[in-house]
Every structure is written in C-alpha cells, then in structure tokens.
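These notes are about the structure you will find just below.
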Amino acid sequence: MEVRLDNKVVLVTGATQGIGRAIAEIAARSGAEGLVITGRDKLRGAEAAAAISKAGAPTVI
C-alpha cells in the first residue's frame, strides 16, 4: 500500500533517531510538502533535519 502525502505538512515527534526518524524520512519521500520534527537532542535534531530535507521535504526543528 502506497500512501502519498502531497500538499501535507507532517509533524513527527521523536524524529531525531530511531523509529521517529525513519517515519520522518518516509514522509519526506512520500511527497510531504514539509516536516516539523521534534526531539530531545538539539544537535541530533539539526543533523536529522538536514538529512530529511535531502530526502525531499523542507524540514524544521
């Protein structure tokens, strides 16, 4: 089953590592217009945002 997130902004909590990060990357590849991610570690958040943006969607922490 393919899910498209075109024209959607997605909020993912815990997106700096593990399952949350994987979900954020999948959302970016699924056409999300943008992502808002949260996490406890600011440095990991910046790294995750950069990687997720490269996957296809503008990302903010």
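The values are calculated or read from the model by the stated rules, or taken from the named source; none is laboratory data. It should be emphasised that the depicted structure is a prediction, and the values quoted were computed from it without experimental measurement. Every residue, glycine among them, receives a Cβ derived from its backbone with ideal geometry; neighbour counts consider all protein chains shown.
When the stretch 20-61 is limited to residues that are more than 11 Å from the chain's Cα centre (by Cα) and among the hydrophobic types (A, V, I, L, M, F, W, C), the one that is nearest to Glu2 (Cα to Cα) turns out to be Ala46. Among residues of the stretch 10-21 that are in contact (Cβ under 8 Å) with a residue 24 or more places away in the chain, those with a beta-carbon under 7 Å from a residue that is surrounded by fewer than 12 Cβ atoms within 10 Å (Cβ to Cβ) and of a type outside the set (Val, Ile, Thr) at least six positions away or on a different chain give the pairs Thr16/Asp41. So, Val12, is that one at pLDDT 95 or above and either over 9 Å from the mean Cα position of the chain (by Cα) or under 16 Å from Ala55 (Cα atoms) (or both) or not? Criteria met by Val12.
For the stretch 1-46, the set of residues classified as surrounded by fewer than 14 Cβ atoms within 10 Å (Cβ to Cβ) and of a type in the set (Asp, Glu) consists of Glu2, Asp6, Glu33, Asp41, listed by residue number.
For the subset of the stretch 38-61 comprising residues that are among the charged types (D, E, K, R) and outside any helix (DSSP H, G or I), which member is nearest to Gly14 (Cα to Cα)?
Residue satisfying both the conditions and the ranking: Arg40.
Consider the stretch 47-61. How many of its residues are surrounded by 12 or more Cβ atoms within 10 Å (Cβ to Cβ) and among the charged types (D, E, K, R)? Counting residues in the stretch 47-61 that are surrounded by 12 or more Cβ atoms within 10 Å (Cβ to Cβ) and among the charged types (D, E, K, R) gives 1.
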